[in-house]
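*Asks:* Take a look at this one; I'll ask things after.
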Amino acid sequence: MEAPELGPGLVERLEQLATCPLCGGPFEDPVLLACEHSFCRACLARCWGTPTARGAEAATPACPCCGRPCPRRSLRSNVRLAVEVRISRGLCEKLAESGARAGRRRGGRIPTMGCLDPQGEVSRSFDVPTPKSSNTEEDLPEDYPVVKNMLHRLTEDLTLDPRTAHRRLLISSDGRAVSLAPPGSPAPLDDPARFNQLPAVLGAQGFASGRHCWEVETAEAATRGDSATEDADAGESSYAVGAAGESVARKGRVQLCPAEAVWAVEGRGGRLWALTGPEPTLLGTGTPPRRIRVDLDWERGRVAFYDGRSLDLLFAFQAPGPLGQRVFPLLCTCDPRAPLRIVPGEG
């Protein structure tokens, strides 16, 4: 996987990695539970309360994130996370210093990424230039490879579920890529889980808790010349990438929007759109990234999309609470020039 460019999206991602889900601040003396979730030791102690006296009946405490029973004796110090938090702080400081220098050179305020609107479901980047930090060795902390590993290991190693694939779709032998099947290809047998109108396929792995991330490579259809803006409004979709709840309809027409348990972005007319309801939202005016990172935070009810190379935030859907059902990766394509591929997880 290519090293991400340094930028505001990387800063945000590192801050998320270093944040305790209980207190919302940087991890202090992090501990790891049997379910693999981590918390500040003091935060978890406050959440669980004082242990019952020895010999008395006591229920096994549960993870505050996923609810899985986690005996107190299973707690162990998360030394690796503590080191990563220290490293991420150092890198964020360097990024801030580099950005400040770039802003001073430009003689103005540093453009920032858009943040989540508490009154709505939209979070998008403003269409303004962002100062780039240098990737030279002197601008990076010595432990930068460890930071890259932090980002890489967030990417799940996922495959697609052929049972759910529309009959016109072809799934690759390794289960990671989907494209339109060549004319004359034999149609698979119908299945209750199979989409019969939407040209879509779900991931074989679903999630009902925790935080998960995967990346999808796209092959955007050829540009449409000077009429790209008009085509973006009137043209048909080439592909859609995102996540879908287990309840998403498999038969008949499916509207891709959060009301139908679908959180996705769509490549159309050489542009990228967030599939908000009742109308889609255009994301900038540039060419869509060739690699899109999907970040699912089940407990927070958030599905966010990032440029897979720069890690700049593209858009985020925000529900009022946990998503309430298993959520699966979703890939749709209806253009022979737009195959999609899940990038193998690293770390």
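*Asks:* Between ARG89 and ARG300, what FRET efficiency comes out of the Förster formula 1/(1 + (r/R0)^6) with R0 = 22 Å and r the beta carbon distance, rounded to 0.05?
*Replies:* 0.45
*Asks:* Rounded, prolate or oblate: which one fits region 282-347, using the alpha carbon gyration tensor with axes a ≥ b ≥ c (rounded when a/c is under 1.5, else prolate when a/b beats b/c, else oblate)?
*Replies:* Prolate, because a/c is 1.5 or more and a/b exceeds b/c.
*Asks:* Further question on the same structure: Excluding ligands, DNA and RNA, what is the solvent-accessible area per residue of region 244-341 at a probe of 1.4 Å, expressed in Å²?
*Replies:* 37 Å²
*Asks:* A follow-up question, please. Roughly speaking, what is the stretch gain from TRP48 to ASP157, that is 0.36 nm per residue apart minus the C-alpha to C-alpha distance, in nm to one decimal?
*Replies:* 36.0 nm
The values are calculated or read from the model by the stated rules, or taken from the named source; none is laboratory data. These figures come from a predicted structure and were not determined experimentally. Here the Cβ is made from the backbone with ideal geometry for all residues, glycine too, and neighbour counts use every protein chain on show. Just so you know, the surface numbers come from the protein's heavy atoms only, side chains and all, with ligands and any DNA or RNA stripped out. Shrake-Rupley method; radii C 1.70, N 1.55, O 1.52, S 1.80 Å.
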